[in-house]
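Peer 1: So that we are looking at the same thing, I have put the structure below in structure tokens.
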Amino acid sequence: MTQAHYATHGDVAVITMDNPPVNGLGHGLRRGILEGLRAALADDAIRAVVLTGAGKAFSGGADIREFNTPAAFAQPSLHTVIDAIEASTKPVVAAVHSVAMGGGLELALSCHFRVAAPGAQIALPEVNLGLLPGAGGTQRLPRVIPFELALNMIVGGFPVKSEKFKGTKLFDEIVEGDLMAGALAFARKAVAENRGLPLVRNLKVDYPHAQGYLQAARGAVRAAYPNLPAPMNCLEAVAASTRGTFDEGLARERQLFIELMEGPESRALRHIFFGERAAAKIPDVPADTPVREIKSAAVIGAGTMGGGIAMNFANAGIPVTVLEAKQEALDRGIATIRKNYENTAKKGRITADDVARRMGLITPTMSYDDIRNADIVIEAVFEDMDVKEAVFRKLDEVMKPGAILASNTSTLDVDKIASFTRRPQDVIGTHFFSPANVMRLLEIVRGAKTGKDVLATTMKLSAKIRKLGVVSGVCDGFIGNRMINQYSRQAGYMIEEGATPQQVDRAIEKFGFAMGPFRMADLAGNDVGWYIRKRHYAEHPEMKFPKFADKICELGRFGQKTGAGYYKYEPGKRNAIPDPLVEEMLVKHRAEQGITPRKLTDDEIVHRLMFALVNEGAKILEEGIAMRASDIDMIYLTGYGFPRFRGGPMLYADMFGLYNVVNRLNDFAAQAAKTPNGDADCWKPAPLLAKLAAEGKSFNG
Ligand code: 3HC
Ligand code: NAI
């Protein structure tokens, strides 16, 4: 199917790319452009060609969905299309009304002329997908705009508005008003003035200090992206534009592009691109499901989470009332919000006016009368079912009909919470992550009776407050914390077996995690996990736990806030200092448990932590708590500091090979069976994992 329309306007032909949503340059579109060009060249009445895009983009670039499929390599390739445009004997004018990104911009750069509407987004964002512009962008962009800007755009992948390029060779004209009329007029003028068939490839990079600048840039890129090869490959491809011929530069670009395309980092980043967009799609809640209007919000509890949640609303311009049980807690909560905003202003990220405006949107109160008309209320009181019950009974009594009643609980049963009201269809879980004003993840917990419109509204709201909403079903800990519980247990077992907290943390931080499990526990507060464990001991007496975590808590070593946890901390400082006392405690603890300490390799540490996540993730998928494997990955990437270049735990397992994962689980089970207090059962492969491994399949299709 061709995806480009051909039309003639007197002596000018217009080829319109039409491959929704963003005119990705898939095989059908590439063919369509070539067919249009051939028709124009064959028609003696045509003197020039305008290339443009229908809908919301000129072109968003190569069709990412085609990558790694035969269509990606099918002729005509983008290179073939570009060569044909460059070889055209009639001038081709790109008319960019909106997004021109990646291959789309590269296509425009191969045209003889380019005109754009103001406001069009111009970028070579391939680096965000772990790639580099592979259709000449690294060679052509530095020939038409200032070299440093071109390098920064290619290494940084950020968009720049078209009007900023006024006066450069990127655009011959910025057309105010009707772009198509402007493009047609420009094409005729180019012909009338005999401007010929200028090509970007024939220009020279005009930057005498390129080598010195590139050398400094190499150091900066190396330091900024230790785990990602794409930024450095982008730089090296641009560097090639400063020496040798254009075609030699293209060849170097090609070589560097192929290296990246085959690498795991690009696969991870492309998985993230689609995973983030897939998360918004709920199979039984179509995109046109009616949503409720959210013009005002309320938050119950002005503690750690409530304050951050309220800030999200204020940041998005939604008035929010914060209700507390105690005046002192209310004052403290509001003062913390103000301090947070003022600190952000001090760093220059917002202005004093922004602080005032946002604070003006936050109303403190002690009275439910002040919140009854809110469109959504989010409860963030203590994690205690009795307290939640009292709050939800009260909300049911006072809130206007149609208000959404949300809970920020991190572990409790949202269906039970809903049952405290006479409107369970209006109840939903909104699990923010700490600090709630910073962390991008919002786990949206869909109760058994949650209304589809309530779910659709909450998903839409998550985008409005700049969160990535990911849906979870109801279970203990939902997706993220249920999995992290298995991860923390393994961390606990490994220090019992012979590792130190710092060895475990170092290994997983080297793997790419922002923070290892023990530094993380010290930051979050060891008492939080202890509280949850005590409930688990009561609810699941059959479950095995490593016992050292309780010993740390029994000494009041709750982490940073008490100056000691798995590490020690100097007053006012956050750096974790290994504590010989903890090591002594561990030696004693192992002896009590009858454990002969052994040396654990970094490989064992990383794989036990990863595959504990993966095995639980597989159960969560099978139970339908997560809709898709990529949702689990998005949760880990945006809520738990999972390294982006690895794409999330489920993708990591896919890339490791599920057959190999199952073998590792069996090794760990055998090891656990030999270890006093070891838990071999937890390594039994989840049925879904075992099935996929046996069939040679993967979680992510
Ligand atoms: N290929 C295929 N699909 C694409 C796409 C692409 N290049 N870019 C966007 N889409 C799809 C999205 O998956 C989404 O699909 P969905 O509705 O089914 O979920 C839809 O288009 C809309 O995307 P957004 O939700 O992101 O819409 P926005 O309007 O917010 O943004 C955009 C549009 C600015 C184009 C943004 O989608 C974007 O940044 N896309 C990526 C652009 C990119 O990275 N291009 C480089 C591709 S690689 C390349 O060109 C290689 C070449 O150098 C050889
Ligand atoms: P917190 O203890 O910092 O704050 C709770 C606040 O609620 C206190 O200010 C308290 O005065 C107030 N409060 C208690 N009962 C109330 C009532 N009946 N009416 C009005 N206000 C009342 O607790 P935190 O950490 O903010 O946690 C709140 C909720 O968020 C809990 O359900 C917790 O599980 C969840 N959560 C916590 C995370 C964290 O990292 N702290 C992360 C994600 C969720």
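The values are calculated or read from the model by the stated rules, or taken from the named source; none is laboratory data. Keep in mind that this is a model prediction, so the values were computed, not measured. Cβ placement follows ideal geometry from the backbone for every residue including glycine, while neighbour counts extend to all protein chains displayed. When the accessible area is computed, the model is the full protein with side chains, heavy atoms only, and any ligands, DNA or RNA have been set aside. Shrake-Rupley method; radii C 1.70, N 1.55, O 1.52, S 1.80 Å.
Peer 1: Please sort by residue number the GluC sites (Glu not before Pro) in the range 486-594 whose DSSP state is loop and whose Cβ has at most 14 other Cβ atoms within 10 Å.
Peer 2: Values: sites: Glu496, Glu497, Glu509, Glu539, Glu542, Glu554, Glu583, Glu584, Glu592; in loops: Glu542.
Passing both the DSSP loop test and the Cβ count: Glu542.
Peer 1: Considering only DSSP beta bridges whose two residues both sit in the range 1-75, what percent are antiparallel, to the nearest 5? If you can, show how the numbers build up before the last one.
Peer 2: On the way: 6 of 12 bridges.
So the antiparallel bridges amount to about 50 percent of the total.
Peer 1: Could I ask something else about it? Quick one: dipole size for the range 480-694, taken about the Cα centre, charges +1 on Lys/Arg Cβ and -1 on Asp/Glu Cβ, in debye to the nearest 20.
Peer 2: Details: 29 positive and 27 negative charges, 41 e Å.
Value, rounded to 20: 200 debye.
Peer 1: Straight-line reach from Lys164: which lysines have a Cα under 23 Å away, not including same-chain ones fewer than 8 places off?
Peer 2: By straight Cα distance, Lys164 reaches Lys56, Lys204.
Peer 1: So, one more: Relative contact order, percent, of the range 480-694 when contacts are C-alpha pairs under 8 Å separated by at least 6 residues? Each step should come with its number before you reach the end.
Peer 2: Working: 271 pairs, mean separation 51.7, N = 215.
Once divided by the residue count of the range 480-694, the mean separation gives 24 percent.
Peer 1: Same structure again: Once you charge only the Cβ atoms, +1 for Lys and Arg and -1 for Asp and Glu, what is the size of the charge dipole of the range 297-472 about its Cα centre, to the nearest 20 debye? Working shown, then result.
Peer 2: Values: 25 positive and 21 negative charges, 142 e Å.
Here the range 297-472 has a charge dipole of around 680 debye.
Peer 1: Under 8 Å for C-alpha pairs, at least 6 residues apart: give me the relative contact order for the chain, rounded to a whole percent. Provide the component values of the computation, followed by the final result.
Peer 2: Values: 1298 pairs, mean separation 59.7, N = 701.
Dividing the mean separation by the residue count of the chain yields 9 percent.
Peer 1: Next up: Give the residue from Leu109, Leu124, Leu184 lying farthest towards the positive end of the charge dipole for the range 102-241; charges sit on Cβ (+1 for Lys and Arg, -1 for Asp and Glu) and the dipole is referred to the Cα centre.
Peer 2: Towards the positive end, the residue furthest out is Leu109.
Peer 1: Give me the angle, in degrees from 0 to 90, between the Cα long axis of helix 478-497 and the longest principal axis of the Cα atoms of the chain, rounded to the nearest 10.
Peer 2: Helix 478-497 sits roughly 60 degrees off the main axis of the chain.
Peer 1: Which percent of the accessible heavy-atom area of the range 243-357 goes to carbon and sulfur, probe 1.4 angstrom? Working shown, then result.
Peer 2: Numbers: 3200 of 6010 Å².
For the range 243-357, the apolar C and S fraction of the accessible surface comes to 53 percent.
Peer 1: Then there is this: Tally the DSSP beta bridges in the range 4-260 and give the antiparallel ones as a percent, rounded to 5. It would help to have the intermediate numbers written out before the result.
Peer 2: Values: 8 of 27 bridges.
Restricted to the range 4-260, the bridges split so that about 30 percent are antiparallel.
Peer 1: Can you spot the lysines whose alpha carbon is less than 20 Å from Lys460's alpha carbon? Ignore those fewer than 8 places along the same chain.
Peer 2: Candidates past the 8-residue exclusion: Lys281, Lys295, Lys449, Lys452.
Peer 1: Quick one: pull the percent of accessible area on the range 62-218 belonging to carbon and sulfur, 1.4 Å probe, ligands and nucleic acids left out. Spell out each step's value before the answer.
Peer 2: Numbers: 3460 of 6190 Å².
Carbon and sulfur atoms account for 56 percent of the accessible area of the range 62-218.
Peer 1: Another question about this same structure. Take the Cβ-Cβ distance between Asp476 and Glu592 as r, set R0 to 35 Å, and report the resulting FRET efficiency rounded to the nearest 0.05.
Peer 2: Details: r = 30 Å, r/R0 = 0.84.
Plugging the Cβ-Cβ distance into 1/(1 + (r/R0)^6) gives 0.75.
Peer 1: Rounded to the nearest percent, how much of the accessible area of the range 480-694 (1.4 Å probe, protein heavy atoms only) is carbon and sulfur?
Peer 2: On the way: 5100 of 8980 Å².
With neighbouring chains kept in place, the figure for the range 480-694 is 57 percent.
Peer 1: Which one of Met366, Ala448, Ala352 has its Cα pushed farthest toward the positive end of the charge dipole of the range 297-472, where Lys and Arg give +1 and Asp and Glu give -1 at the Cβ?
Peer 2: With unit charges placed on the Cβ atoms, the residue in question is Ala352.
Peer 1: What are the ³J(HN,Hα) couplings of the range 20-25, residue after residue, when phi is run through the Karplus curve with 6.51, -1.76, 1.60 and θ = phi - 60°? Round to Hz, x for glycine and proline.
Peer 2: Whole-Hz 3J(HN,Hα) from phi for the range 20-25: x, x, 10, 6, x, 7.
Peer 1: On to the next question. I want the antiparallel fraction of DSSP beta bridges within the chain, as a percent rounded to 5.
Peer 2: Values: 17 of 60 bridges.
That works out to approximately 30 percent antiparallel.
Peer 1: For the pairs Lys166/Lys346; Lys169/Lys346; Lys326/Lys400, flag any whose C-alpha to C-alpha distance is greater than 30 Å. Could the numbers behind the result be given before it?
Peer 2: Working: Lys166/Lys346 34 Å; Lys169/Lys346 39 Å; Lys326/Lys400 24 Å.
Table pairs above 30 Å Cα-Cα are Lys166/Lys346; Lys169/Lys346.
Peer 1: How big is the gap, in Å, between the Cα center of the range 240-303 and the Cα center of the range 627-696?
Peer 2: Each part reduced to its Cα centre gives a spacing of 24 Å.
Peer 1: With every protein chain left in place, what is the accessible area per residue of the range 4-260 in square angstrom, probe 1.4 Å?
Peer 2: Numbers: 10380 Å² over 257 residues.
I get 40 Å² per residue for this part.
Peer 1: How large is the accessible surface per residue of the range 297-472, computed with a 1.4 Å probe and reported in Å² as a whole number? Please list the in-between numbers first.
Peer 2: On the way: 7350 Å² over 176 residues.
Normalised by residue count, the accessible surface of the range 297-472 is 42 Å².
Peer 1: Might you tell me the accessible area per residue for the range 546-676, computed with a 1.4 Å probe and given in Å²? Intermediate results must be reported in sequence, preceding the final value.
Peer 2: Working: 5530 Å² over 131 residues.
Solvent-accessible surface per residue comes out at 42 Å².
Peer 1: Which of the pairs Lys619/Lys691; Lys510/Lys547; Lys544/Lys691; Lys510/Lys551; Lys599/Lys619; Lys568/Lys588 have their Cα atoms more than 22 Å apart in this structure?
Peer 2: Values: Lys619/Lys691 12 Å; Lys510/Lys547 26 Å; Lys544/Lys691 26 Å; Lys510/Lys551 28 Å; Lys599/Lys619 31 Å; Lys568/Lys588 19 Å.
Among Lys619/Lys691; Lys510/Lys547; Lys544/Lys691; Lys510/Lys551; Lys599/Lys619; Lys568/Lys588, the Cα-Cα distance tops 22 Å for Lys510/Lys547; Lys544/Lys691; Lys510/Lys551; Lys599/Lys619.
Peer 1: Next question. Please identify the trypsin sites (Lys or Arg not before Pro) of the range 227-325 that satisfy two criteria: DSSP loop assignment and at most 12 other Cβ atoms within 10 Å. Which are they? Don't jump to the answer; show the numbers that get you there.
Peer 2: Details: sites: Arg243, Arg252, Arg254, Arg267, Arg270, Arg277, Lys281, Arg292, Lys295; in loops: Arg243, Lys281, Arg292, Lys295.
When the trypsin sites (Lys or Arg not before Pro) of the range 227-325 are filtered for loop state and at most 12 Cβ neighbours within 10 Å, Arg243, Lys295 remain.
Peer 1: How far apart, in nm, are two points set 7 Å out from the Cα along the Cα-to-Cβ line at Ala690 and at Asp43?
Peer 2: Using points 7 Å along Cα→Cβ, the separation is 6.5 nm.
Peer 1: Efficiency by 1/(1 + (r/R0)^6): what FRET value for Lys568 and Leu197, r their Cβ-Cβ distance, R0 = 60 Å, to the nearest 0.05?
Peer 2: E between Lys568 and Leu197, to the nearest 0.05, is 0.25.
Peer 1: Just to be sure I understand the model, the point goes 7 Å from the Cα along the line to the Cβ. What's the resulting Glu509 to Gln425 distance in nm?
Peer 2: Each label point lies 7 Å from its Cα, and together they span 5.2 nm.
Peer 1: So, in Å, what gap is there between the alpha-carbon centers of the range 131-195 and the range 394-417?
Peer 2: Taking the Cα centre of the range 394-417 as reference, the centre of the range 131-195 is 53 Å away.
Peer 1: Please give the calculated 222 nm ellipticity per residue for the chain, where each DSSP H segment of at least 4 residues contributes -39500 (n - 2.57) and the sum is spread over every residue; nearest 500 deg cm²/dmol? Display every interim value, and only then the final one.
Peer 2: Values: 28 runs with 341 residues, N = 701.
So the calculated ellipticity at 222 nm is -15000 deg cm²/dmol.
Peer 1: Where the only charges are on Cβ atoms (+1 Lys, Arg; -1 Asp, Glu), what is the dipole of the chain about its Cα centre, to the nearest 20 debye? List each step's numbers first, then the result.
Peer 2: Working: 85 positive and 80 negative charges, 166 e Å.
For the chain, the charge dipole is close to 800 debye.
Peer 1: Projecting each Cα onto the charge dipole of the range 564-616 (Lys/Arg +1, Asp/Glu -1 at the beta carbon, about the Cα centre), which of Leu613, Pro597, Tyr567 comes out farthest on the positive side?
Peer 2: So the residue furthest toward the plus end is Tyr567.
Peer 1: Apply the Karplus curve 6.51 cos²θ - 1.76 cosθ + 1.60, θ = phi - 60°, to the phi angles in the range 69-82 and return the couplings in whole Hz, x for Gly and Pro.
Peer 2: So the Karplus estimates, Gly and Pro as x, are 10, x, 4, 4, 9, 5, 7, x, 7, 4, 4, 5, 4, 5 Hz.
Peer 1: Additional query: Spin-label point model (7 Å from Cα, Cβ direction): what's the Lys464 to Arg393 distance in nm?
Peer 2: It is 3.2 nm.
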